[in-house]
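Student: Okay, handing you the structure first.
The values are calculated or read from the model by the stated rules, or taken from the named source; none is laboratory data. Small disclaimer: the values here were computed from a predicted structure and weren't measured. Glycine also receives a Cβ, built like all others from the backbone with ideal geometry; neighbour counts cover every protein chain displayed.
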Amino acid sequence: MAGVILESARTSHRDPAQAAEHLISQLRGAEPTFVTLFAARSYDHLELNRAIRARLPRARLIGASTGGEVDRDGIHQQTAVLGALSGDFEVGVGLTGGLKEDALRAGEIAMRAACDQLGTRQADLDLRRHVGLVIDDGFQQKKEELLLGILAKNQGTVLVGGGANDLHPIEGSALIHADDQVIPNSALVVMFRTEAPWGALRSHAYQPTGKRLVITKVDESGKRALEIDGRPAAPRYAELLGVGVDELSFGMPRGFAQTTVALKVGREFFIRSPWLPLEDGSIQFANYLEDDTELELMSLGSMAEATRAFFEDELPRKVKNPQAALLLHCSGRHLIAETKGELPALSQTFAAAPPSAGMNCHFEIYCGFHINTTLTTLAFGSDD
């Protein structure tokens, strides 16, 4: 019988040594073989890394700066959350810099390193027993190119992930940990090999409206829609929503956050968030776009209800006896909930999760997709 378990600990101590001591003192189970550290950007990450490694010298360590920290007690800010995993699994860890300069190469290098540590080629991965976690410097905006590199040798590799973050989502900066390294402008790949039950899952609160639009013209950057349905993008999107262009911005109550768009693949909807209407009538998107792409208009429901249903129904249905979850929660969801006065209700839903550790991240990854406004989850269980 195989299983993976997770213990979480949280601290608000600012001194790295005190924070590490407080985190480790909360652990009661077996000595972990793998730990995750999700901490506010305001911490001295290098010193916190050193303090934790000094106290858990045999454990592999990965981590990131955050836009908020997540555990079963909810969503927090200006804290550090530790996830201590033990059980029947092996890990390979690859971290590489130079994400901004050559994201495709960074993905190839990080993935190769992770697979090499497991003693296998990526092309030979048993996809029933291997799953990957990806954390990138979200501020570099390089997820699509990074994923091309990560998946170059095996496009079927299952991945979940999200971007290292900061409380300042536009002008902030991010750090990523791997063992004794703590670096910016980087990408991390962790490959797990296990016989235990596992699931790579995602949840969002949007429902299809039955309406569609076509991105008919994109600029050279690939992230700015110039035309929708053959017309200037922002006025056309506003017309579809029945609002003014000045109401479209992501933080506005009737704008992009309330009615977003998604790429439909089979029966699945992958959120592709518009972000900002620009003065020339175009729309800045978070994702790469292509001319003549048809997207579904999606309407936001209750994030609290959808998240609770995910933890109470979907996750245990797909992962037997769930005992561990690594959570990559979009900072955009936090912003929406805060704007609507629904943040306490959303935060409380995490009590229904398995033992968890995670962060508010800078956009999300699910398999080969860069997605938005989504909770992505890597969950492990037990077949006992």
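Student: Check ARG105, ARG72 and return the single one that is of a type in the set (Lys, Arg) and over 30 Å from PRO344 (Cβ atoms).
Tutor: It is ARG105.
Student: Between a residue in the range 185-197 that is closer than 20 Å to ASP137 by Cβ and any residue that is among the basic types (Lys, Arg) and surrounded by fewer than 23 Cβ atoms within 10 Å (Cβ to Cβ), which pairs come within a Cβ distance under 6 Å, given they are 6 or more apart or on different chains?
Tutor: Close Cβ pairs satisfying both conditions: ASN185/LYS100.
Student: Still on this structure, please answer the following. Would you say SER331 is touching a Pro at 6+ places or on another chain (Cβ under 7 Å), crowded, with 21+ Cβ neighbours inside 10 Å and in contact (Cβ under 8 Å) with a residue 60 or more places away in the chain?
Tutor: yes
Student: While we're looking at this one, here's another question. Filter the range 28-62 for residues that are assigned to a loop (DSSP other than H, G, I, E, B), modelled with pLDDT of 95 or more and not charged (D, E, K, R); which is surrounded by the fewest Cβ atoms within 10 Å (Cβ to Cβ)?
Tutor: So, considering only residues that are assigned to a loop (DSSP other than H, G, I, E, B), modelled with pLDDT of 95 or more and not charged (D, E, K, R), the one surrounded by the fewest Cβ atoms within 10 Å (Cβ to Cβ) is PRO57.
Student: Sort through THR216, THR307 and tell me the only one that's more than 22 Å from GLU338 (Cβ to Cβ) and polar (S, T, N, Q).
Tutor: That would be THR216, the only listed residue that is more than 22 Å from GLU338 (Cβ to Cβ) and polar (S, T, N, Q).
Student: Looking at PHE192, is it in contact with a Ser or Thr (Cβ under 7 Å, 6 or more places away or on another chain) and either outside any strand (DSSP E or B) or surrounded by 20 or more Cβ atoms within 10 Å (Cβ to Cβ) (or both)?
Tutor: Answer is no for this residue.
Student: Residues that are closer than 25 Å to GLN348 by Cα and touching an Asp or Glu at 6+ places or on another chain (Cβ under 8 Å): does the range 43-62 have at least one?
Tutor: Scanning the range 43-62 turns up no residue that is closer than 25 Å to GLN348 by Cα and touching an Asp or Glu at 6+ places or on another chain (Cβ under 8 Å).
Student: Any chance you could count how many residues in the range 179-196 are within 30 Å of LYS320 (Cβ to Cβ) and of a type outside the set (Val, Ile, Thr)?
Tutor: Residues flagged as within 30 Å of LYS320 (Cβ to Cβ) and of a type outside the set (Val, Ile, Thr) within the range 179-196 amount to 6.
Student: Further question on the same structure: Out of the residues in the range 135-165 meeting the condition of being under 18 Å from GLY97 (Cβ atoms) and of a type in the set (Asp, Glu), tell me which one is surrounded by the fewest Cβ atoms within 10 Å (Cβ to Cβ).
Tutor: Here the answer is GLU145.
Let's see how each residue does on (1) in contact (Cβ under 8 Å) with a residue 40 or more places away in the chain; (2) polar (S, T, N, Q); (3) in contact with a His (Cβ under 8 Å, 6 or more places away or on another chain):
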position: ALA54; (1), (2), (3): no, no, no
position: PRO57; (1), (2), (3): no, no, no
position: ILE62; (1), (2), (3): yes, no, yes
position: SER65; (1), (2), (3): yes, yes, yes
position: ASP71; (1), (2), (3): yes, no, no
position: GLN78; (1), (2), (3): yes, yes, no
position: VAL81; (1), (2), (3): yes, no, no
position: SER86; (1), (2), (3): yes, yes, no
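Student: Oh, and also: Has the range 246-256 got any residue that is crowded, with 19+ Cβ neighbours inside 10 Å, under 22 Å from the mean Cα position of the chain (by Cα) and not assigned by TED's automatic domain parsing to the domain that holds LEU375?
Tutor: For the range 246-256, residues crowded, with 19+ Cβ neighbours inside 10 Å, under 22 Å from the mean Cα position of the chain (by Cα) and not assigned by TED's automatic domain parsing to the domain that holds LEU375: present.
Student: Being among the β-branched types (Val, Ile, Thr) and surrounded by fewer than 19 Cβ atoms within 10 Å (Cβ to Cβ) is the filter here; which residues of the range 208-236 pass it?
Tutor: Result: THR209, VAL214, THR216.
Student: Does ALA238 satisfy the criteria of being under 28 Å from the mean Cα position of the chain (by Cα) and small (Gly, Ala, Ser)?
Tutor: no
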